[in-house]
Amino acid sequence: MRKKKTTEQPTITLPAWWTNSRLHALVIFVFCVALYANTIGHEYTQDDAIVLYDNMFTTEGVSGIKGLLTKDTFFGFFKVEGKENLVQGGRYRPLTLIQFAIGWEMFGDQPWWFHLVNILWYALCCVMVYWLLLRLLNQYSSQLYIYFIALGTALLFAAHPIHVEAVANIKGRDEIMTMLGSLAALYFALRAYDEKKDSFQIIASALFFLALLAKENAITFLAVIPLSFFVFRRLSVGNSLLRTWPFLATTLIYLAIRFSVLGFAMGEASDELMNNPFLKLEGSNWVPFSFAEWSATITFTLGKYIQLLVFPHPLTHDYYPREVDIMSWGDWQVLLSFAIYAAAVFYALIRLPKRNPISYGILFFIITLSIVSNIVFPIGTNMGERFMFVPSLGFCFIAMLLLWRLGKKMSKVKRISNAKQIRVPLAIVGVVVLLFTAKSFTRNFVWKDNFTLFTTDVYTSSNSAKIQNSAAGALLEKSIEIANEQERLAMAERAKGHAEKAIQIHPTYKNAYLLLGNAHNYLRNFDASIKAYETALQLDSDYQEALNNLAIAYREAGRYYGEKLGDANKSIQYLTKAQQMRPNEMEILRLLGIAYGVSGQTGKAIEILEKAIQIDPNNASLLYNL
């Protein structure tokens, strides 16, 4: 009988640095710090007001922690019962806000400190990615394979530009903390199994509880953890599920606390487009999308996520309506997205029984994406780059596995026999990390402050009503600081254009009408300003800002027509309306008294000025005019 020919695999001698995990961890940590160091001098941006500098509990420092533990996360910002439920489902995420409160106690109103801590947590999170992958893959015999996948995945993840929002925006710490806690929990669960130490399981459960307190998204790891044991420890389905029971118990404790604070009601879907993107205007009423529109729009956004992971350009913080339009199943982009996900899920499920790592990467991505997909429950916007923070790990892991396969094919051998075959994959990783680093570094500068963020991203998300409105507000706020009148008016003109675009997209956007009124007021288009405020009040008769600004518009119109144009009658017309809204405001009374006097209506002038003097008896200007 003929003997089967065998081929001996030559021994691979790897350089010492290739398996030096401590050196790798240090490199990853330093790389992350260096990449985001240019954000340390940035100001607050975006939703930082909600969780930090305008949150009444956070700004109380340590004494505010009780409020953070016993109220909805948004309550400290809105400060009024019920407003925190504008977005369906409620939010109970006290962990990062407690960190902010402690930071405020120690350093006060210092954005640099909060940015620095974000960077350090992110660097540790990327190191944890590396440590976890080493632990997951330690059952494989090839050190070349283990370190190639672990180090490459960690570096791709660390450099990926889609993470800029989570790191450069202080509020994004909730994404970082929930991922760090979840990955660390899985890491110690694996150590508990591998080393037969129950103490590690206790640590894992505690870390998972902290991850849940950072953000509810950690709950998806109830599926990731048994999947990890099934694929990488080759346990049966039943035994893999058994490894999850401590985390399930921890979740039940968290949910009990959450429900005791927020109650059981999930709330009703919002009827405001900025809090519910799945609404459309029919006539004068907002109505929900049809099922076909809802499902097609979500499918489109899922495909958009993959595009941004593969080619992260252009990036924006804003995907509000209608930056993502109402989609239909006749759109090729929707069909392509559906085909990609269907093929990926089919491959994952078919190959999962063989404990295929690519199947694991696909399912990790889909499981962690599910909770922010708008399928499980509405999240208040179509999509957001920060929502890719955890799922992107699955993408980076798959990318490295595919590059490893590329190396194998290029070597034309069935098994790895020579370290030289990964030279091309390593070169590809190096180029991609370099490109990602450049994109992330430059994108960081956009997050300098709200003015820079809004006036930059408005050109990327030009169809978003929210960012058009935000850009208008930022420009108006900035214009106040400008001494040159021509430049100030030019900025107000730009703001007007953005507010008009916001209204075009969202015809019942009351805040956009408010800002449009402000812009017209700055431009001295008083009739247009008054009309905008009145429209805002038609949408919400209790809109206090519009009421205040309408009174100001009447007053300033009266001042302008009286002092600048010498039209006393027109001045009286506006000032009379201002007085009706604010009958005891001294400045309105003063201007109205002067206008009556100039127009020859002496009796009314005396009556108004005497009333003003009753309010301010020692005002020399009033006495002189009287």
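The values are calculated or read from the model by the stated rules, or taken from the named source; none is laboratory data. Keep in mind it's a predicted model, so treat the numbers as computed, not measured. No Cβ is skipped: glycine too gets one built from the backbone with ideal geometry, and neighbour counts run over all protein chains shown. Accessible surface is based on the protein model in full, side chains and every heavy atom, while ligands, DNA and RNA are left aside. Shrake-Rupley method; radii C 1.70, N 1.55, O 1.52, S 1.80 Å.
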With x for Gly and Pro, the residue-by-residue ³J(HN,Hα) of the range 606-611, computed from phi through the Karplus equation 6.51 cos²θ - 1.76 cosθ + 1.60 at θ = phi - 60° and given in whole Hz, is 4, 4, 5, 5, 5, 5
Projected onto the charge dipole of the chain (unit charges on the beta-carbon of Lys, Arg, Asp and Glu, signs +1, +1, -1, -1), the Cα from 398, 483, 101 with the largest positive-side position is that of 398
Counting only DSSP loop positions in the range 259-317, the GluC sites (Glu not before Pro) whose Cβ has at most 12 other Cβ atoms within 10 Å are 268
Phi angles of the range 563-576, converted by Karplus (6.51 cos²θ - 1.76 cosθ + 1.60, θ = phi - 60°) into ³J(HN,Hα) in whole Hz with x for Gly and Pro, give 7, 8, 9, x, 9, 5, 5, 5, 4, 4, 4, 6, 5, 5
Measuring from its Cα centre, the range 154-272 shows a charge dipole (+1 at each Lys and Arg Cβ, -1 at each Asp and Glu Cβ) which, in debye to the nearest 20, is 640
Relative contact order as a percentage, the range 345-462, C-alpha pairs under 8 Å and 6+ apart, gives 16
If unit charges are put on Cβ atoms (+1 for Lys and Arg, -1 for Asp and Glu) and the dipole of the chain is taken about its Cα centre, the option from 572, 285, 514 lying farthest towards the positive end turns out to be 285
In whole percents, the bins of 5 Å from zero upward hold the Cα-Cα pairs of the range 147-239 as 3, 13, 17, 21, 21, 15, 6, 3, 0
Between the modelled labels at residue 626 and residue 20 (7 Å from Cα along Cα→Cβ) the distance in nm is 8.7
In the range 558-616, taking the dipole from +1 charges on Lys and Arg beta carbons and -1 charges on Asp and Glu beta carbons about the Cα centre, the listed residue (603, 562, 586) farthest towards the positive end is 562
Relative contact order of the chain (C-alpha contacts under 8 Å, at least 6 apart) in percent is 12
Output for the range 366-473: trypsin sites (Lys or Arg not before Pro) sitting in coil per DSSP, at most 14 other Cβ within 10 Å, listed by number, reads 412, 414, 415
For the range 487-626 the mean separation of alpha carbon contacts under 8 Å (6+ apart) over residue count, i.e. relative contact order in percent, is 13
The rounded separation in angstrom of the Cα centers of the range 468-514 and the range 434-466 is 19
Counting only backbone N atoms under 17 Å from a point 7 Å out along Cα-to-Cβ of residue 523, the residues of the range 488-509 in range are 488-505
Here the range 21-37 yields Karplus 3J(HN,Hα) values (6.51, -1.76, 1.60; θ = phi - 60°; whole Hz; Gly and Pro given as x) of 5, 5, 4, 4, 4, 5, 4, 4, 4, 5, 4, 4, 4, 5, 5, 10, 4
Filtered hits (lysines, Cα-Cα < 28 Å from residue 408, offset >= 8 within chain) -> 3, 4, 5, 354, 420
Carbon/sulfur accessible area of the range 38-82, % of total, 1.4 Å probe, equals 60
Once residue 112 and residue 257 are pulled to full extension, the length gained, defined as 0.36 nm per residue separation minus their Cα-Cα distance, is 48.9 nm
Across all Cα atoms of the chain, Rg and the largest Cα-Cα distance (Dmax), in Å, are 30.0, 128
Projected onto their principal axes, the Cα atoms of the range 225-325 stretch, largest extent first, over whole-Å spans of 56, 41, 26
Helix 526-539 sits off the longest principal axis of the Cα atoms of the chain, rounded to the nearest 10 on a 0 to 90 degree scale, by 60
Using alpha carbon centers only, the range 241-293 is separated from the range 368-402 by a whole-angstrom value of 17
Residue separation between residue 269 and residue 411 times 0.36 nm, minus their alpha-carbon distance, gives in nm 45.5 nm
Taking R0 as 56 Å and r as the Cβ-Cβ distance between residue 619 and residue 313, the FRET efficiency 1/(1 + (r/R0)^6), rounded to the nearest 0.05, comes to 0.40
The size of the Cβ-based charge dipole (Lys, Arg +1; Asp, Glu -1) of the chain about the Cα centre, to the nearest 20 debye, is 4360
The size of the Cβ-based charge dipole (Lys, Arg +1; Asp, Glu -1) of the range 396-554 about the Cα centre, to the nearest 20 debye, is 2200
The helix 198-214 Cα axis meets the longest alpha-carbon principal axis of the chain at an angle in degrees, between 0 and 90 and rounded to 10, of 30
Counting only residues 5 or more apart in sequence or on a different chain, those whose built amide H sits under 5 Å from that of residue 323 are 464, 465
